[in-house]
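Worksheet for the structure shown next.
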Amino acid sequence: MRSRIWNQRRRSAGIFAITLLLAVACATPLAAQSFTQKPKVRAITAFLRLDRAAYAAQIADTLKMLRRTKAIMEKGGYEVQTIRIVTQPFPEYTKSLSREDALNFFRALDALAQKEDFDPNVGPAMLRDSDDPAQAELLAEVLCTTKLNASIVIAAEDGIHWNAVRAAAKLVKYVSEHSPHSQGTFGFAATAMLAPYAPFYPGAYHTGAGKQFAVALEAANVVDEAFTGTHGDARAASERLTKALGTHAAAIEKLALAAAQETGWTYIGMDATPAPLKDVSIGAAIEKFTGVRLGASGTLLAASIITAAVKAAPVKHVGYSGLMLPVLEDVRIAQRWSEGALTLDALLAYSAVCGAGLDTIPLPGDVTVEQMERMMADVAALALKWKKPLSARLQPVAGKKSGDRTDFDDPFLVNAVIQKVP
């Protein structure tokens, strides 16, 4: 009898123990859960002061550093998507050339980049508002016939650059009408309050001596995992993302510093902005937190949480260091834009708490220069007000009107419905 009672008590105790363990497991705070997703390194970006007479040798030397740094990071467990080379503003090294000779130089640089498999950026056509707008006209021709990246600075500490705003809008209009599939605009950004040494394209530039490099992340998958199951719990989402993103950013920076020591180049910092890439969607990650469509109430809160986590990463920060919402580079964002859930005004509102700006915005082919000037001026005004980096990448599509769908043929672009320009 006693034996039977004792066995029953043991079984009851066992059941209770299992129940208790399950209860503890279920009660484990979201912030304490483990993470499996790793970010990719979107870019290792080198900053080179180009000497036109010796640029081929300079680039060869820079590529040695980039490829070695890439190998170190991949050995450390982080996939590297691209290696990039940014020069000082190109008017500094082409000013003595005729227009045709300058175009020939850029075509040669583009051919070298394709041969050696790196992404080149020739810096701003206009860094100051007093710069010659003719350089923006030259850049427009370059963007129509090459895959080079470049920019125009439309706002800085000295205020809005109104001449640059007009030149940038004219450039975008021209390139949309003269490049294949209107895709030449993808390599151009009008930037506001963006400091040198940002590793993300197309706004990257520098004005220094060169021989420096920075790192950009592709970490929308990390945000997606951190936000999964949070159901609007801002504290849990913040804690989870800050921990996950900070852990990986610190690990990648350690690898970058090792590469700097080995190569003799100077590591200048990291932009931990969790960039998306098509199906690796920051839009879908945000919806996991809010539980509603991107663009509904709660989206701005999610943008703020992501930006705070990026800025909390224990690394040396450069670039935007916030959140990007590129309409044509993210499947879910493109979907919500096509549905009308996202608008220009909404994206500008989110930019108040992150680094979005107006990023890869599809526009009808008949959009006017004046309309794009106003869009760029809005971005410039917001960036200046809050002393934060923003950019405008506007992509009109020749022959398309509001309600049509874009037909870009680019591995990095998602097609979307073109909305009416207000």
Exercise. Within the range 376-407, can you find the residues that are touching a strand residue (DSSP E or B) at 6+ places or on another chain (Cβ under 8 Å), of a type outside the set (D, E, K, R) and assigned to a loop (DSSP other than H, G, I, E, B)?
Worked result: PRO389, SER402, GLY403, THR406
For this session: Being more than 15 Å from the chain's Cα centre (by Cα) and outside any loop (DSSP other than H, G, I, E, B) is the filter; apply it to the range 193-217 and report the residue that is surrounded by the most Cβ atoms within 10 Å (Cβ to Cβ).
Result: PHE213
Exercise. Hey, GLU373 hits all of (1) touching a residue at least 60 places away in the same chain (Cβ under 8 Å); (2) assigned to a loop (DSSP other than H, G, I, E, B); (3) among the charged types (D, E, K, R) but one; which does it fall short on?
Worked result: (2)
Exercise. In the range 291-301, what residues are free of Cβ contacts under 8 Å to residues at least 60 places away in the same chain and assigned to a helix (DSSP H, G or I)?
Worked result: THR299, LEU300
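So which residues in the range 83-140 are among the aliphatic types (A, V, I, L, M) and either within 22 Å of the chain's Cα centre (by Cα) or within 19 Å of PRO196 (Cβ to Cβ) (or both), if there are any at all?
ILE83, ILE85, VAL86, ALA113, VAL122, ALA125, MET126, LEU127, LEU139
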Problem set entry | Single residue of LYS311, LYS254, LYS288 found to be in a helix (DSSP H, G or I) and surrounded by 16 or more Cβ atoms within 10 Å (Cβ to Cβ) | LYS288
For this session: Could you figure out which of (1) touching a residue at least 40 places away in the same chain (Cβ under 8 Å); (2) aliphatic (A, V, I, L, M); (3) on the phi < 0 side of the Ramachandran plot isn't true of MET193?
Result: (3)
Problem set entry | Among (1) of a type outside the set (D, E, K, R); (2) more than 28 Å from LEU390 (Cβ to Cβ); (3) part of a loop (DSSP other than H, G, I, E, B), the one test that THR69 misses | (3)
Exercise. Are any of the residues in the range 255-262 small (Gly, Ala, Ser) and within 21 Å of ASP359 (Cα to Cα)?
Worked result: no
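Could we say that GLY246 is surrounded by fewer than 23 Cβ atoms within 10 Å (Cβ to Cβ), at positive phi and out of contact with any Asp or Glu (no Cβ under 8 Å at 6 or more places or on another chain) here?
Working: surrounded by fewer than 23 Cβ atoms within 10 Å (Cβ to Cβ): yes; at positive phi: no; out of contact with any Asp or Glu (no Cβ under 8 Å at 6 or more places or on another chain): yes.
In short, no.
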For this session: Output the residues belonging to the range 314-340 that are over 16 Å from the mean Cα position of the chain (by Cα) and either modelled with pLDDT under 95 or assigned to a loop (DSSP other than H, G, I, E, B) (or both).
Result: PRO314, VAL315, LYS316, GLY340
Seminar exercise, completed: Filtering the range 225-251 down to residues that are outside any helix (DSSP H, G or I) and polar (S, T, N, Q) yields THR228, THR230
Problem set entry | Given (1) among the polar types (S, T, N, Q); (2) surrounded by 22 or more Cβ atoms within 10 Å (Cβ to Cβ); (3) farther than 27 Å from VAL222 by Cβ, index of the condition THR45 fails | (3)
Exercise. Looking at the range 257-285, which of the residues that are among the hydroxyl-bearing types (Ser, Thr, Tyr) and under 16 Å from VAL223 (Cβ atoms) is surrounded by the fewest Cβ atoms within 10 Å (Cβ to Cβ)?
Worked result: SER281
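The values are calculated or read from the model by the stated rules, or taken from the named source; none is laboratory data. Keep in mind that this is a model prediction, so the values were computed, not measured. Cβ atoms come from the backbone with ideal geometry, glycine included; neighbour counts cover every protein chain shown.
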